[in-house]
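Heads up, the thing below is written out as structure tokens.
Computed from the coordinates by the stated procedures, all read-outs in this text should not be read as laboratory data. This structure is a prediction, so every number in the text was calculated from the model and none was measured. Cβ: placed from backbone, ideal geometry, glycine included. Neighbour counts: every protein chain shown.
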Amino acid sequence: ILDIKGGPDEGLNLLGETVVVKGWVRTLRVQSSVTFIEVNDGSCLSNMQCVMRSDAEGYDQVESGLISTGASAWIQGTIVRSQGSKQKIELKVEKLITIGKSDPSFPIQKKRVSREFLRTKAHLRPRTNTFGAVARVRNALAYATHRFFQENGFVWISSPIVTASDCEGAGEQFCVTTLVPTSREAGDSPVNAIPKTEDGLIDWSQDFFGKPAFLTVSGQLNAEAYATALTDVYTFGPTFRAENSNTSRHLAEFWMIEPELAFADLDDDMACAAAYLQYVVEYVLENCKEDMDFFNTWIEKGIIKRLSDVVEKNFVQLTYTDAVELLVNAKKKFEFPVQWGCDLQSEHERYITEEEFGGCPVIIRDYPKEIKAFYMRQNNDGKTVAAMDMLVPRVGELIGGSQREERLDHLEERLDELKLNKESYWWYLDLRRYGSVPHAGFGLGFERLVQFATGIENIRDAIPFPRTPGSAEF
Ligand code: 4AD
Ligand code: MG
């Protein structure tokens, strides 16, 4: 007896075999002569159609209602050609065992349920077609990410989750501290339980880390330390931002992929970003056909064509200055007017890639230094930095990267200008003191990549358990 995984398309070679399938009941239709039980084990999108006659062993579980939508089941039978048009094979049931029955309150019955509703059932939504498919494609993207970098000689670095450094200098960090009582009851105790110094300031010496520590907003600074030793490295891990933006593109906890290349400039960085995106998109198109067909039909019509174009076409490149000019001259009226020096809003980014360049990814480079982070390398014009953002349709900014300021004097000057505390960046400055080299890197928001590759509209549906303002359930 074969213990199989997979739905009907996988099984033509199994015709005539006795097999066991284990999974969860998606639907159950009792007819006078036969009962159809659709079972899914998550290995693929399609269900195994199990056809059960009343003389099969365990039929009493159908009669008593013990087996129902949502239940888990162990089903043994023979693989036969299906009479139906939806699938090639089906399982002729010989024996059924209900492993775990499902309460009638099971919230995901056959009728279509909204994604807003499913967010309130994040623990059960992986049992739907959409979330099963998103999980498999997300997994394939992660696998393809490691493959791309490993095949190109990059070393994967685990950057720390807890850190005292603020990479982006934007003050959007979550504080990690033992000064606030953490037991549920003690958590309600007055704030004055926090130890204070004589001057009334928080007494960090009594904290676990002895000073303020935060959840990382980016592993970049740590990646730079390893790039200036191992040459090409990448991180792939969770990052955290306490931005209070309730949008379809922001999460408080998201995964970031951050390659860092030594002996490299902004052009090398952009080339790496384009090659990476094309590689992972092609991987998903080739290896997730069933799920991609599903997205193409149900989530975003034409997504397969859109992604195939990404693999084939060269990406558009333009400077920030040209992008601003293009936006100023655009016929479209924007909510936020554009002028040189302003940060581009999502509406601008989407206009450029979706309308101006017909869905092609666009890389914008050389941004004003005022709107970018302290570590970016200054261009000779004194106004811009060697930064780049990659914009893609539906998502807007998918990637943000730059060549790093490798010149110690320039970097120190910039820290002073921005009134950032030089002492706290002492180790980062050391990298410029001892064998500094031109280097560059970028950060890609993994959930935005999942949105881009699946067509899913809201970033909350691109990660299993989303963290957003006011919401850390599950
Ligand atoms: O542009 P960002 O802020 O760049 C950095 O953090 C650099 N240190 C990266 C680097 O050069 N190593 O963020 C990089 C990407 C963005 O382009 C976006 O895709 C994603 O991270 N991102 C978010 N994704 C989801 N939710 C959020 N709140 C995000 N903030 C940034
Ligand atoms: Mg950015």
With +1 at each Lys and Arg Cβ and -1 at each Asp and Glu Cβ, the charge dipole magnitude of the range 80-152 around its Cα centre, to the nearest 20 debye, comes out at 280 debye
Nearest-0.05 FRET efficiency for W156 and T178, computed from C-beta distance (R0 35 Å)
0.70
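Assuming R0 = 51 Å, can you tell me the calculated FRET efficiency for the pair I202 and V437, based on Cβ-Cβ distance, to the nearest 0.05?
0.80
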Counted charge near P212, where neighbours are those whose Cβ lies closer than 15 Å (Asp, Glu -1; Lys, Arg +1):
-3
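Please arrange R407, R53 by counting, for each residue, the other beta carbons lying within 10 Å of its beta carbon, fewest first.
In increasing order of surrounding Cβ atoms, one gets R53, R407.
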Just to be sure I understand the model, the point goes 7 Å from the Cα along the line to the Cβ. What's the resulting E325 to E413 distance in nm?
2.8 nm
Round to a whole angstrom and tell me the spacing of the C-alpha centers of the range 430-448 and the range 321-335.
31 Å
Gain upon complete extension [F117, E243; 0.36 nm per residue less C-alpha separation]
42.9 nm
Percent of C-alpha pairs per 5 Å bin, the range 43-170, short to long
2, 8, 11, 12, 14, 14, 11, 8, 6, 6, 4, 3, 1, 0
Extension gain, K305 back to A164 (0.36 nm per residue minus Cα-Cα distance, nm)
46.3 nm
Virtual spin-label span in nm between L2 and E312, 7 Å along Cα→Cβ
3.7 nm
When F208, F174 are ranked with the fewest other C-beta atoms within 10 Å first, the list becomes F208, F174
With the Cα gyration tensor of the range 225-342 giving a ≥ b ≥ c as the square roots of its eigenvalues, does the rule (a/c under 1.5 for rounded; else a/b larger than b/c for prolate; else oblate) give rounded, prolate or oblate?
rounded
What does the charge add up to near C288, with Lys and Arg as +1, Asp and Glu as -1, over the other residues with Cβ less than 13 Å from its Cβ?
-2
Give me the one-decimal nm value for the distance between modelled label points at R147 and F263, 7 Å along each residue's Cα-to-Cβ direction.
2.8 nm
Report the charge-dipole magnitude of the chain in Debye, nearest 20, computed about the Cα centre from +1 at each Lys and Arg Cβ and -1 at each Asp and Glu Cβ.
2000 debye
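Tell me the net charge near Q278. Cut-off is 15 Å between Cβ atoms, Q278 excluded, with +1 for each Lys or Arg and -1 for each Asp or Glu.
-2
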